[in-house]
Structures are given as C-alpha cells and as structure tokens.
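Quick notes on the structure that follows.
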Amino acid sequence: MEQRHLGRTGLRVSRIGLGTLTWGRDTGEEAAAEQLKTFWEAGGTLVDTADVYGGGEAEYLLGQLVGSLVPRRDVVIATKSGSVPDPDRRFNGSRGHLLAALDDSLDRLGTDYVDLWQVHAFDPLTPLEETLQALDLAVSSGRARYAGVSNFSGWQLAKAATWQLAAPGVRTRLASTQMEYSLLQRGVEREVLPAALDLEVGLLPSSPLGRGVLTGKYRDGTPADSRGASPGLAALVEPYLDEAAGLIVDAVVTAAQGLAVTPLQVALAWIRDRPGVAAPIVGARTSTQLGAALSVEALTLPEEIRRALDDVSAPVHRYPDQDWSTL
C-alpha cells in the first residue's frame, strides 16, 4: 500500500487507515485479530483508536495484538484523549486530564509511546494553550511521537496550528486533524480543509463511506446485520438515508457499474484522493469487509467520473465561505 507523509512531518502512514471504533464492543478479539492481520498483510500501517472506544477495550485489544500478531515497528498507533463520560462536560482538554489519559492509554496499549496522539475534541472550558501544552509535554517526554487534533472547527484548527507554529522547535507542530468527510458529508470543505491545506496539516477522514450508506446496501431497505439495524448505531446512519443522500448513492452505484467495481471502491477512492487527505479511516465489521475496502488500492477514478461525483455531491457554499474571487 502506498505511504503518505502526514501533513508537513516526517511521519509516513498508509493511505488507508484501520479504525477500531467497534473493537471491544461489537468486535471481539478473534475478529479484531483477523482485521489487523488482513490490514498488515495488505501493507496497512495506520491504526486509529481512542481511549473511549469500547470503554478502553479497543486500546486493550490492540495492545494484545501488536507485538504478538504483527510487529510493533510495522504499526503506526494513533489514539485520542479528551472525551469523558460526563453528561455535563463531554470533553476535557485540561492538561491534567489529557496527560493522565495518555498514561492510561499507554498502559492499555502495552507500549511506551504512541505514534500519533490526538485531542479528541475542542474543550471550550479549557484555555486552548493549556490543551496544546499537553501535546508538547507528551512529545517532549517521548510518550507521543507526533500530535494532532480531532473534531476541531476551521477557526479552532487554525488557531491551534498557528499557536504551535509561533514557537518552532519549542511547540509541537500539529501533524493532523481527524474529521468526518465523505461524499455524503463535505462540510469540512467550507473552512476546515482550507485551513488544513494552508497550514499543511494532514486530514484523516473518519466515516469515509458515509457511515456505510455509500456502499449501497441501504438502497432497498435496512439489512438486519447492518449498523442501521443496530439499536446503538441506527441513529448515526439515519441522517444519511434521506432523498438527497439517495441521489448521491445512485451516482456512486452508476459509476461503479461503469467501472466494473463496487460502490464501496468508488466512494473510498474518491475520498482517498481528495486534496489534503492523508488517509481515510475505515472501520469494518469483518475482515472480509475490510479486505473489500483495501482492494481500492489499485483503483484511481477517471477524471470525468470524479467530476461527476463532485457535482452531484457538491455542498452549498454561501456567505462567508464563498470564493469571492470567482464573482
């Protein structure tokens, strides 16, 4: 699998990443092992997790498998800290919480360091410079090799990345930002992506298949074994089952038929090759599903198909995020 630099750093990652959102919850140890082995054998390196996935079980599972199943040197471990199970405060970006959470993650992962440590979300109750100082301390102590953020809006990302760049050699440059991005969710193109491109921060798209909808499996109803039928995940899928999404899915299916490939491959190739994207993070229920996603490596969409998909899924840009130079 082709490797890409993550933002303007020396860290190289596979251009498809493996997500572990369901590990330890819906995905057990055996299935997780099959997925990791399939991913590694395909040349994949970037494995993304978080301290809250499966209540910590995702990190624990990954820690059990790395070293015993695949070599630690072959895996780029990315984890996140900052989400908290508190109804009054969903995110805690305080220096104390983040550093303690990182130590707990390292214990569960069974490693002395993570390759990429990400702040899971912006915390409006904590001064941003305090949150960012936790990243600096993690990197300077060797507990994290690189640092990034997740779920930051455009202005939040720009402020954070610029703050870090203001003291080169002292503060840790942001390597990445992780955001939901797909043919069904192009909101990041308004402000987040332009900021990331300007500041040379790599984008890691989550839910690159539109929470599974872009595979086309919901066109004729909700499969019994799908996320849309799961009591815990159905609410995540439902917003992408409207008429507008259906037109985009139809276009993806038509493109797939014309290319003699699958809708999954078309949707994933489109997002993988968008400007600024380093590696879409793919979550799969089985190793077979993951293998189908990894088969996109050999596919590059023809320009006319890419443009057609761009057009049918184009978000509406209004004031103030229009490109005024075109008016």
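The values are calculated or read from the model by the stated rules, or taken from the named source; none is laboratory data. Quick caveat, the model's predicted, so the values are computed rather than measured. Positions of Cβ are generated from backbone atoms using ideal geometry, with glycine treated the same way; all protein chains shown enter the neighbour counts. Ligands, DNA and RNA are excluded from the accessible area calculation, which covers all protein heavy atoms including side chains. Shrake-Rupley method; radii C 1.70, N 1.55, O 1.52, S 1.80 Å.
Quick notes on this structure:
- Rounded Å value of the spacing that divides the Cα centres of segment 1-58 and segment 126-193: 20 Å
- Rounded to the nearest 10 Å², the accessible area of S81 at probe 1.4 Å: 0 Å²
- One chain, two ends: R219 and Q64. Fully extended at 0.36 nm per residue, the span grows by 52.0 nm beyond their Cα-Cα distance.
- Accessible surface comparison of H97, H5, probe 1.4 Å, protein chains only, largest first: the order is H5, H97.
- The D74 and V316 beta-carbon pair, evaluated with R₀ = 30 Å, returns a calculated FRET efficiency of approximately 0.10.
- Amide H to amide H distances under 5 Å link V76 with L46, V47, where only residues 5 or more positions off or on other chains count and H is placed in the peptide plane.
- A crude spin-label estimate for the pair E30 and D104, with each label 7 Å from Cα along the Cβ direction, gives 3.1 nm.
- Based on protein heavy atoms only, segment 152-300 ends up with 42 Å² per residue of surface accessible to a 1.4 Å probe.
- A simple charge model with +1 on the Cβ of Lys and Arg, -1 on the Cβ of Asp and Glu and nothing else charged puts the dipole of the chain at about 480 debye relative to its Cα centre.
- ³J(HN,Hα) computed for each position of segment 2-16 - Karplus, 6.51 cos²θ - 1.76 cosθ + 1.60, integer Hz, glycine/proline x: 5, 9, 10, 6, 8, x, 9, 9, x, 6, 10, 10, 5, 7, 10
- Fully extended contour minus Cα-Cα distance, from D273 to W155, at 0.36 nm per residue: 40.0 nm
- Counting only DSSP beta bridges whose two residues both lie in the chain, roughly 15 percent are antiparallel.
- Modelled spin labels at T288 and T254, positioned 7 Å past Cα toward Cβ, are 3.1 nm from each other.
- The alpha carbon gyration tensor of segment 47-199 gives principal lengths a ≥ b ≥ c with a/c below 1.5, which makes the shape rounded.
- For the chain, the mean residue ellipticity at 222 nm estimated from helices alone is -11000 deg cm²/dmol, where every DSSP H run of n ≥ 4 contributes -39500 (n - 2.57) and the total is divided by all residues, rounded to the nearest 500.
- Cut-off under 5 Å, modelled amide H: who pairs with Q118 long-range: T79, K80, S81, G148
- Extension gain (nm, one decimal) between A298 and S141, 0.36 nm per residue minus Cα-Cα: 52.6 nm
- The share of accessible area on the chain that comes from carbon and sulfur is 51 percent, using a 1.4 angstrom probe.
- Taking the C-alpha atoms of segment 132-178, convex hull volume expressed per residue in Å³: 64 Å³
- FRET efficiency estimate (nearest 0.05) - Cβ-Cβ, D242 to E200, R0 35 angstrom: 0.50
- Mean-square fluctuations from a GNM of the chain, with a 10 angstrom spring cutoff on Cα atoms, peak among S83, S68, S105 at S68.
- Percentage of interatomic Cα-Cα distances in the chain larger than 37 Å: 13 percent
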